[in-house]
1. Looking only at the range 187-211, how many residues end up being of a type in the set (A, V, I, L, M, F, W, C), within 21 Å of the chain's Cα centre (by Cα) and over 14 Å from Tyr89 (Cα atoms)?
2. If you take the residues in the range 132-180 that are of a type in the set (Val, Ile, Thr) and closer than 30 Å to Ser3 by Cα, which one is nearest to the chain's Cα centre (by Cα)?
3. Which residue pairs have Cβ atoms closer than 6 Å, lie 6 or more positions apart in sequence or on different chains, and pair a first residue in the range 364-384 that is aliphatic (A, V, I, L, M) with a second residue that is part of a helix (DSSP H, G or I) and surrounded by 14 or more Cβ atoms within 10 Å (Cβ to Cβ)?
4. Pick out the one residue from Pro214, Pro281, Pro233, Pro253 that is within 27 Å of Val311 (Cα to Cα) and not in a helix (DSSP H, G or I).
5. Consider the range 2-22. How many of its residues are away from the ligand (no atom under 12 Å from the Cβ) and either crowded, with 17+ Cβ neighbours inside 10 Å or within 16 Å of Gln111 (Cβ to Cβ) (or both)?
6. Inside the range 142-163, can you point out the residues that are within 11 Å of the ligand (Cβ to nearest atom) and either farther than 24 Å from Ile35 by Cβ or not small (Gly, Ala, Ser) (or both)?
7. List the pairs whose first member sits in the range 78-96 and is within 16 Å of Thr50 (Cα to Cα) and part of a helix (DSSP H, G or I), whose second member is within 15 Å of the ligand (Cβ to nearest atom) and of a type in the set (Lys, Arg), and whose Cβ atoms are under 9 Å apart, counting only residues at least 6 apart or on separate chains?
Amino acid sequence: MPSVAVVGGSLGGLTTALLLRDAGCRVHVYERSPIPLEARGAGIAVLAQTLRYAVERLAVPPEQISTETGWVRFLHSDGSIAHTEPRSYRFSAWNTIYRVLRNALADECYQQGWELTSFTSADRHVRLDFTNGEVRDADLLVCADGIGSASRQRMFPEAAPSYAGYVGWRGTVPEADLSPATYEALHDALTYQVLPHSHILVYPIPGPDGNLEPGRRLLNMVWYRNVPEPDLPAFLTDRHGVRRTVSLPPNHPRQEQIDEMREVAAQLLAPPIAEVVTSVPEPFVQAVYDVAVTGMARGRACLVGDAAFGVRPHAAAGTAKAAEDGWVLAEELVRADGDVDVAVARWERRQLALGASLLARTRAIGDSSQCRGDFQPGDPRLVFGLYGPGR
Ligand SMILES: Cc1cc2nc3c(=O)[nH]c(=O)nc-3n(C[C@H](O)[C@H](O)[C@H](O)COP(=O)(O)OP(=O)(O)OC[C@H]3O[C@@H](n4cnc5c(N)ncnc54)[C@H](O)[C@@H]3O)c2cc1C
C-alpha cells in the first residue's frame, strides 16, 4: 500500500487518514495550526457519514457523541408554531467528533504547526515543502486544507470560491443559562425561523465537556444574513483591523457588529430564538462560499472535503461529504490493490458527481431563502442528507 501525506488535520483530513491507515497505508497528517484544535467550538448537524468512522471502526455509539432531536419546528416571529413535523436529527460539536477521531490516530502520525507551502507531483510520488523548512515525500498527497485551500488553487486555479451573498452568525449558549420557557420551546427540536431573505436554525449540541444530558448541553444557533458582496471586505475586517476572507472567529467581530446583530435579533426573532441569539457570549461569523472543481486530482495529489467542493451548509452535509471522500478513496485503493493511479481515477469520477449534485442542491436552497425569498416552512428540500433529502 502507498505512503500517504494528508495536509489538513480537521474532520476531513483525520477521517481520511484513519481510513487509509486501516487500509494498510503509511499515513502522516500535517496540520498548520500549532495550537490544539479542540478549542474550535462550532455546533454541527451530523449525518451518518460524519459519525461512520467512530461508530463502525471505534464502536462509539452515536448517542455517546451527539444529541438527538425528534422534531423540526418553524416559529412565527411572535413565537407561535408555524409548522411542525416529526423528524429525527443528530447534532454534535466539531470538537466532540474531532476528539474521538484524533485519539484514534497515533501522535507520531499527526504533526501540528506544519504548514504546507508547495508540492510537486512527478514520477509517481509527491514532494512536500513546509514553512518550517522540512521536506517530505509520499506516494500520494491528500489535500484536506479546507475552503481556502491553497492546494486547490495550485491544482485548479480556475476554481475560485464564489461568495454566496450571505454570512452565518454562529454561537452557543448553555441551556442552563436560558429561561425555563426558552429551554422548553427549543430543547427537543431543530427550530427554524424564516425571515425575509434570511433564516435561522437553533439546535442542542453536547456541552463543552461532551455532556449530553438535557439541561446541561449547549444550544447552537446559525443565522444566515445577507451582506452584499461590495460590503464583504469591510464586514470581514476584525476588531484589530485585520481584513479576513472567510471568517471572524470568536472574539474577532467588532463590537458594533455584535450590537447590531443583537438589536435586529431582539426586533425580528421569535422570543425564544431571540433569547438564544442575544445570550451567545462570543458570536462569530463565517461567510458562505460555493466552490466547484472540475477535477479532484492531478498527478499524485488529490483534494477532499471543502478543499474540493465547497458547499453551502443547508444540507448539513459538509463534514459528511468530507468523510465520504475518505471512505471512497480507501475503498478504491483496496479494490485497486494499492495501485494509486487506478484508484484515484475511479475515486475522482465518483466524488465529482457527488460534489456537483450536493453543490447544486445547497445552492438552490440558499438562493430560495436568501435571494428569492420563496423559502417555505416545511419545504421538503430542507431535509438534511448527503445524496439527497433524507439520504
Ligand atoms: C455557517 C456554516 C455552518 C455549517 N454547518 C455544518 C453542519 O451543520 N454540518 C456539517 O456537516 N457541516 C457544516 N458546515 C461545513 C463544515 O464546517 C465543513 O464542510 C467542514 O469543516 C469541512 O472539513 P474539512 O476537513 O474539509 O476542512 P476544514 O474543517 O476547513 O479543515 C481544514 C484544515 O486544514 C488546515 N490547513 C489549511 N491550510 C493548510 C496548510 N497549508 N498546511 C497544513 N494545514 C492546513 C486548517 O488549519 C484546518 O485544520 C458548515 C459550514 C458553515 C460555513
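1. Of the residues in the range 187-211, 1 are of a type in the set (A, V, I, L, M, F, W, C), within 21 Å of the chain's Cα centre (by Cα) and over 14 Å from Tyr89 (Cα atoms).
2. Ile147
3. Ile365/His314; Ile365/Arg381
4. Pro253
5. The qualifying residues number 7.
6. Val142, Cys143, Asp145, Ile147, Arg152, Gln153, Arg154
7. Pairs found: Trp94/Arg40; Asn95/Arg40.
The rows are residues; the columns are (1) within 16 Å of the ligand (Cβ to nearest atom); (2) touching a Lys or Arg at 6+ places or on another chain (Cβ under 6 Å); (3) in contact (Cβ under 8 Å) with a residue 24 or more places away in the chain; (4) in a loop (DSSP other than H, G, I, E, B).
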residue: Val285; (1), (2), (3), (4): yes, no, yes, no
residue: Thr294; (1), (2), (3), (4): no, no, yes, yes
residue: His314; (1), (2), (3), (4): yes, no, yes, no
residue: Lys321; (1), (2), (3), (4): yes, no, yes, no
residue: Asp325; (1), (2), (3), (4): yes, no, yes, no
residue: Arg349; (1), (2), (3), (4): no, no, no, no
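The values are calculated or read from the model by the stated rules, or taken from the named source; none is laboratory data. Note that the structure is predicted; figures quoted are calculated from it, not measured. Every residue, glycine among them, receives a Cβ derived from its backbone with ideal geometry; neighbour counts consider all protein chains shown.
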